[in-house]
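Each value in this text was obtained by applying a stated rule to the coordinates, not by laboratory testing. Owing to the predicted nature of the structure, the values given are computational and were not obtained by experimental measurement. Cβ: placed from backbone, ideal geometry, glycine included. Neighbour counts: every protein chain shown.
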Amino acid sequence: MSTNTPHTGTLEEIQRITDDEILTEREVWDLADYLNEDEEVRTAWPGKVLFGILREVFEGGVLTNEEMQRLAEVLSEVEHQAAEAKQPVPAESAKGPTLSMDAIKVDSIQHIVSTGSRE
């Protein structure tokens, strides 16, 4: 798959995450797991962008509210770009307009230190 061709599975994963308009720490971990599982996903848009951001977040060892907000904005922007490009998106997204960059709320978190365990 070309790095310029959107990865439909990644767009679907983003839609699942943003569907309730709240980004949680669990969803960030799930997205990181999703990207880690498949090199093709990491090298195609939008996974390539997300993987770089998530790598920076986890290298710091702490997931902050500011990083959560940045991720929420990036996820919203990806959805916006996909809609503008008229890329195929999951049927779920056809039920309403694309979220604005401010539409995704961030679930308030404590400063979490990555210890390798997410339980």
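Residues whose amide H comes within less than 5 Å of that of residue 7, counting only those at least five positions distant or on another chain, are 45, 47 (H built at 1.01 Å from N in the peptide plane). Under 5 Å between amide hydrogens, built in the peptide plane, is the criterion, and for residue 22 it picks out 105 among residues at least 5 positions away or on other chains. Ordering of 41-47, 54-60 by packing is 41-47, 54-60, highest average first (other Cβ atoms within 10 Å, averaged per residue). With neighbours defined as other Cβ atoms within 10 Å of a residue's Cβ, the residues 7, 80 order from fewest to most as 80, 7. Gain on full extension, evaluated as 0.36 nm per residue between residue 83 and residue 37 minus their Cα-Cα distance, stands at 14.0 nm. Label-to-label distance, residue 73 versus residue 26, with points set 7 angstrom from Cα along the beta-carbon direction: 2.7 nm. In the range 33-78, the inverse of the mean reciprocal separation of distinct Cα atoms equals 10.9 Å; this is its Kirkwood hydrodynamic radius. With distances taken between every two different alpha-carbon atoms, the range 1-71 has a Kirkwood hydrodynamic radius of 12.4 Å.
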